[in-house]
Structures are given as C-alpha cells and as structure tokens.
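To keep things clear, I will list the structure first and then write my remarks on it.
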C-alpha cells in the first residue's frame, strides 16, 4: 500500500512543529492541539458534534484535501474507545432522569462508528464504510481491511484512520489502576522509567492506494499482529520472520520506533529486545510525543511517513539517520496486542 497523504490532530501541532519545537506537557495526559474546525466543518454542524467527532472529521477532511480527492472509494476507521464523551453523557443522563425522557442524541453519537458515518454524511458518500473496535488491534485491523479492499480491487483509494480521545471520567478510573503518573515533562518518559505513563489521544487519517504515484509519501510494506506471546524469544522470532517476509534483515532498517512509554513494566519488553536482537540498533520511541492509548500506532505510522517523505528526523525521536529509507515500528498494548509495521521511502 502507498500512503498518498496523511493528516492528524494530535498533541503535536504538526510534523513541522515536531522538527523545530515539539510541544511538551506537565501532568499525566497529552491532549490534542485542536485546529480551527470552521476550516473543515460548517459552523452549524460543529455545535452538534462532540470533540472526538470534530477531531476525526477535521483530520479526514484535511487528508482528502492534501491528496486532491473529493470522495474515497472506501472508509475504514479504527477506535478502541469510540465516542467516550457522548457515552458518558448518555449514561449520566440515564441515571439523572431515572431512565425516563432521555434525549436520543447522546446515544446516537456514542456509537463507535459515528466518526466514519459523519465523514460519509458530510461527503454524501455511500461507499464501503467500516469501523473496527478491536482494542489494541483496532488501527491494525483497519489497515488490514484496507489492504484486502485494494488487493481484491474493490476500491482504488481508501481513507483509513484511527480516533481515540481522553475524557476525565475514564482517565480518573484508569489512573486508579496506576496506569498514569504525574510528570514534569512528557519528554522525560524515555529517560526516567518508573510506574505509569501519560495518557494520550489523537485522530490520524491516511489516504492509501495500491500504486506508487509522483507525490506518494511512503510505502507501507506490511502490517503484522500477534497475540500474547509466551516469551521474549517468541517476540524476537516474530520480528525476524516479519522482516524475512520482506527479504530484509535488521541491518537494512534505518530507524526502529518502539512503544516505549516510560512505564517500567511496559518497557521491559523493549529493553530486553534492545539487549538482544535489537542491540546497537537505531531505536527510539514515539509515545513521549503522543501519549499512551490503544491506537497510538496510527501516530507512529504518521510520524514515520513524514520522516520518510521529508528525509528529516526530529531530534526528539532520539536517533540520527540521514535520509532514512526504511522504518520498522514495533508496539505492544498491555503485553497483549503486539504489532509490527514496515514503511519504505518512495
């Protein structure tokens, strides 16, 4: 698959901003830097949209605009949490009104496919539209579905992306389990491992097709997922098998982006690999820029595509590579959902 364009609403204002002066945060969460939504959405519609819907629609519209495509042949979205704010509002009103006289608006907008549906409604597009809600594999399965559509020639251009948001209620609940911690700055996550990480969110979309074009940003060679590996040796074997499928080795990879997030228990997998098969490799993380959330790999692919397209590696990534040609991404979500991506410069 070839990435023709991409757009994102993330805790970083833009890729150019990451290159020059990335945003850093205090506390235990990295919230998105939101754009002027009136650029993408009619002001009357904005009032009826929750925050995550506005984020997703803006990213999708900007992605289509960058590619010069008015209507894609298919939409595929991944989300682990869906529209949490609307879900919270609906459940709160259910309690407040004793399950009587409830407005249906919050319920309608709380469904996980709301973002994809809203994009299709705005474009008046009736093409294939699917949303994957598979926890830490949500974005990965969205990409795999898109690849099948292209391989079977069911679609020429596919708009694929991932959306997840932070809401105070869910953040407080997860914080009680020790998932998050207070930090002076998010960039410290990679240098000061301890218990907990920083919560994150984002909306990232890609327009992909099956052919290389003059303005293609990067080639997405492959996506591979594996579930609950039994040992570090099994993870190493999966990485080597994944690269062998592409007829390359780790020596051919210029940058390795991992899901390092500053939590000692989470990062143990990566540090063990760094002492073994990834020893002396150009390895860094990306979650100090976007935070930890189930579809954070969409941010990693967005970051990798921009690096390959521009030939510039942000200093905050922590590795040095002149005009990198190949980037490997390895991430795991709570030691359960493991994913590998390989991107190549066009």
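Within the stretch 1-37, take every residue that is modelled with pLDDT under 95, over 24 Å from residue 217 (Cα atoms) and outside any loop (DSSP other than H, G, I, E, B) and give me the one that is farthest from the chain's Cα centre (by Cα).
27
For residue 90, state whether it is outside any loop (DSSP other than H, G, I, E, B), surrounded by 17 or more Cβ atoms within 10 Å (Cβ to Cβ), assigned by TED's automatic domain parsing to the domain that holds residue 159 and in contact with a strand residue (DSSP E or B) (Cβ under 7 Å, 6 or more places away or on another chain).
no
Going by the structure shown, is residue 271 assigned by TED's automatic domain parsing to the domain that holds residue 325, modelled with pLDDT under 95 and either in a helix (DSSP H, G or I) or closer than 24 Å to residue 78 by Cβ (or both)?
Against the criterion (assigned by TED's automatic domain parsing to the domain that holds residue 325, modelled with pLDDT under 95 and either in a helix (DSSP H, G or I) or closer than 24 Å to residue 78 by Cβ (or both)), residue 271 qualifies.
Quick one: is residue 167 within 30 Å of residue 2 (Cα to Cα) and either in contact with a strand residue (DSSP E or B) (Cβ under 7 Å, 6 or more places away or on another chain) or modelled with pLDDT of 85 or more (or both)?
So residue 167 fails the test.
Among the residues of the stretch 33-68, what is the count of those that are farther than 20 Å from residue 201 by Cβ, surrounded by fewer than 22 Cβ atoms within 10 Å (Cβ to Cβ) and in contact with a strand residue (DSSP E or B) (Cβ under 6 Å, 6 or more places away or on another chain)?
Count: 1.
Tell me, please, whether a residue that is buried (at least 17 other Cβ atoms within 10 Å of the Cβ) and within 14 Å of the chain's Cα centre (by Cα) can be found in the stretch 311-329.
yes
The values are calculated or read from the model by the stated rules, or taken from the named source; none is laboratory data. Being a predicted model, the structure only gives us computed values, none of them experimental. Cβ: placed from backbone, ideal geometry, glycine included. Neighbour counts: every protein chain shown.
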